[in-house]
Amino acid sequence: MIESKVQQIPYSQESVFNTLSDFNNLKLFADRIPQDQLKDLKFDSDSLSCSVPMAGQVTLRIIERQPCKCIKLVTDKSPVSMTMWIQIVPTGTDSCKMKLTLDAGMNGIMAKMIEKPLREGIEKIAFAFASIPYSKL
C-alpha cells in the first residue's frame with residue numbers, strides 16, 4: 001500500500017466529495033495537467049481514461065462512493081491492477097483533509113521497480129486535488 005501525505009483543503013468536506021465523486025467536474029481543470037504526462041484525457045461521471053507514458057491507455061473507474069467520506073476507484077485498463085481510495089475527513093465547517101491510498105496488485109520484484117514512480121504519482125495527484133478551487137464549481 002502506498003499512501004499520500006495528508007493534504008489540507010480550505011473547502012468543506014461536502015464540496016470536495018461532490019467534486020471528486022463526479023469525474024465530469026475534473027474537465028474544468030484538465031488544462032492544468034501537463035500534456036507530456038497524460039494525453040487523450042476522457043471523462044464521464046464514473047470514469048477517467050488517459051494515455052500514460054510507458055503504461056499506455058489507463059482507465060480509472062469509481063466503484064464505490066461513501067457520501068462525503070470516501071471514493072473507491074479501480075483500474076479497468078492498466079498494465080497493473082490497482083485500487084485507490086480518496087479519503088476525506090472534515091477539520092471544520094469549511095475545511096477538510098484528504099489522503100490517497102493506492103493498492104497495486106503486483107509481485108515483489110515488480111513492486112520494487114515501480115514503487116517510486118507510483119509514490120511520486122500519488123503525491124502529485126493528491127497535491128492537484130488539494131489545489132482545486134472547489135468554490136468555483
Assuming ASP103 fulfils every condition listed in (1) over 16 Å from PHE17 (Cβ atoms); (2) out of contact with any Gly (no Cβ under 8 Å at 6 or more places or on another chain); (3) at pLDDT 80 or above; (4) open to solvent by less than 50 Å² (accessible area, probe 1.4 Å) apart from one, which condition is it?
(4)
Could you please let me know if ILE114 is over 26 Å from SER135 (Cβ atoms), at pLDDT below 85 and either assigned to a strand (DSSP E or B) or among the β-branched types (Val, Ile, Thr) (or both)?
yes
Name the residue, out of SER45, SER135, that is within 19 Å of THR19 (Cβ to Cβ), open to solvent by 60 Å² or more (accessible area, probe 1.4 Å) and among the polar types (S, T, N, Q).
SER135
Can you spot a residue in the stretch 119-126 that is surrounded by 15 or more Cβ atoms within 10 Å (Cβ to Cβ) and touching a helix residue (DSSP H, G or I) at 6+ places or on another chain (Cβ under 8 Å)?
no
Checking the structure you have, find out if any residue of the stretch 55-68 is modelled with pLDDT of 85 or more, open to solvent by 30 Å² or more (accessible area, probe 1.4 Å), under 25 Å from THR91 (Cα atoms) and basic (Lys, Arg).
yes
Report, by residue number, each residue of the stretch 13-37 that is crowded, with 17+ Cβ neighbours inside 10 Å and either modelled with pLDDT under 65 or assigned to a helix (DSSP H, G or I) (or both).
GLN13, SER15, VAL16, PHE17, THR19, LEU20, PHE23, LEU26
Quick check: is even one residue across the stretch 87-96 of a type in the set (A, V, I, L, M) and at pLDDT below 95?
no
Taking the stretch 62-91, which residues are in contact with an Asp or Glu (Cβ under 8 Å, 6 or more places away or on another chain) and assigned to a loop (DSSP other than H, G, I, E, B)?
CYS68
If we scan the stretch 81-96, do we find a residue that is β-branched (Val, Ile, Thr), farther than 17 Å from LEU26 by Cα and free of Cβ contacts under 8 Å to residues at least 60 places away in the same chain?
yes
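The values are calculated or read from the model by the stated rules, or taken from the named source; none is laboratory data. Please read these numbers as outputs of a predicted model, since none were measured by experiment. Quick reminder, even Gly has a Cβ in these numbers, built from the backbone with ideal geometry, and neighbours come from all protein chains shown. Accessible surface is based on the protein model in full, side chains and every heavy atom, while ligands, DNA and RNA are left aside. Shrake-Rupley method; radii C 1.70, N 1.55, O 1.52, S 1.80 Å.
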